[in-house]
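Bear in mind these aren't lab numbers, they're just calculated from the coordinates by the rules spelled out. Please read all numbers here as calculations on a predicted model, not as lab measurements. Cβ placement follows ideal geometry from the backbone for every residue including glycine, while neighbour counts extend to all protein chains displayed.
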Ligand SMILES: Nc1ncnc2c1ncn2[C@@H]1O[C@H](COP(=O)(O)OP(=O)(O)OP(=O)(O)O)[C@@H](O)[C@H]1O
Ligand SMILES: Nc1ccn([C@@H]2O[C@H](COP(=O)(O)O)[C@@H](O)[C@H]2O)c(=O)n1
C-alpha cells in the first residue's frame with residue numbers, strides 16, 4: 001500500500017505522516033527532507049542556484065557522491081526521517097531559516113526533481129510519502145491521497161514554537177515559500193483535503209485514519 005500526504009509548508013505533513021505511519025506500522029518518507037539536503041549540499045559547495053547550469057552541476061555533485069560510495073540517503077525512521085551522507089547525519093542542518101529560504105530555488109531544478117523522485121520510486125512499498133507532489137507526480141498510483149492545509153497565521157504560530165523567530169517574519173517567509181512551491185508542484189486532484197487548523201494533532205491523525213481501510 002502507498003499513502004500520500006501533500007500540503008503547504010508547515011501544514012503538519014511530517015507530524016501527521018509520522019503518527020499515521022506509526023498507527024499503520026509502515027515507514028514514512030519525507031521528500032522535503034531530500035530537497036533540503038540537496039539544497040544544503042549546494043550551499044556547502046558554493047553552488048549558485050539561479051544559473052542555467054545549476055541543475056546539472058548539482059546532479060553531478062549528487063551522483064559523484066553516489067559513485068564514490070558516499071551517497072546522500074534518506075533514512076525513513078517512523079519517529080522522524082533523517083538524511084545521511086556517508087557516515088554523517090545532516091538532519092540537524094536541514095530545518096533552518098537559511099535552508100527554508102533557498103530550498104524552493106533548488107526544488108525548481110528539473111535535474112533535482114528527477115533525482116529525488118528516483119530515490120523515492122526505488123523504495124519498496126508499503127509506505128507513506130509526504131511532500132508537495134507525491135500524489136500527483138511521484139506516486140499517482142497511491143491507494144489513498146491527502147492534502148493538508150492551514151492558514152499562514154496558524155502555521156506561523158506553530159513554527160515560532162519550534163524556532164526562535166518572530167511571528168511576522170515567519171508568516172511572510174511561509175507565504176513566499178507557498179507561492180514559489182505552487183509554481184513547481186501541484187497536489188493530486190483526487191486527494192482528500194484536511195484543514196489542520198481545525199483540530200489537535202491527534203484529531204487530525206484520526207481524521208486521516210478514518211479514510212484508510214481498517
Ligand atoms: N493539528 C495539527 N496538525 C498538524 N500539525 C500540528 C497540529 N498542531 C500542531 N502542529 C505542529 O505544527 C508544527 C509543524 O508541523 P510539521 O513540521 O509536521 O509540518 P510540515 O508540513 O512537515 O513542515 P515543513 O513543510 O516545513 O517540513 C509541528 O510542531 C507540529 O507538531
Ligand atoms: N515533493 C516535494 C517536497 C518538497 N519540495 C520542496 O522542498 C521544500 C521543503 O519541503 P518541506 O516539506 O520540508 O517543507 C519545499 O518548500 C519545496 O520547495 C518539493 O518541491 N516537492
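Filtered by the rule that a residue be in contact with a helix residue (DSSP H, G or I) (Cβ under 9 Å, 6 or more places away or on another chain) and buried (at least 17 other Cβ atoms within 10 Å of the Cβ), the range 120-136 gives 120, 127, 128, 129, 130, 131, 132, 133, 134. So which residues in the range 169-214 are part of a helix (DSSP H, G or I), more than 21 Å from residue 100 (Cβ to Cβ) and free of Cβ contacts under 8 Å to residues at least 60 places away in the same chain, if there are any at all? Result: 198, 203, 206, 207, 210. Within the range 12-27, the only residue that satisfies the criterion of being within 12 Å of ligand 2 (Cβ to nearest atom) and not in a helix (DSSP H, G or I) is 12. Screening residue 165 with (1) touching a residue at least 40 places away in the same chain (Cβ under 8 Å); (2) more than 19 Å from residue 18 (Cα to Cα); (3) under 18 Å from the mean Cα position of the chain (by Cα) gives one miss only, at (3).
Determine whether residue 158 is surrounded by 13 or more Cβ atoms within 10 Å (Cβ to Cβ) and farther than 30 Å from residue 63 by Cα. Judged against the criteria, residue 158 is a match.
Inside the range 179-201, residues that are closer than 19 Å to residue 104 by Cα and buried (at least 19 other Cβ atoms within 10 Å of the Cβ) make up a count of 3. Strands (runs of 3 or more DSSP E) fully within the range 50-138 that include at least 3 residues being near ligand 2 (Cβ under 9 Å from one of its atoms) and touching a residue at least 12 places away in the same chain (Cβ under 8 Å): 127-131.
Annotation: of all residues in the range 139-168 being part of a loop (DSSP other than H, G, I, E, B) and closer than 24 Å to residue 77 by Cα, the one that is nearest to ligand 2 (Cβ to nearest atom) is 139.
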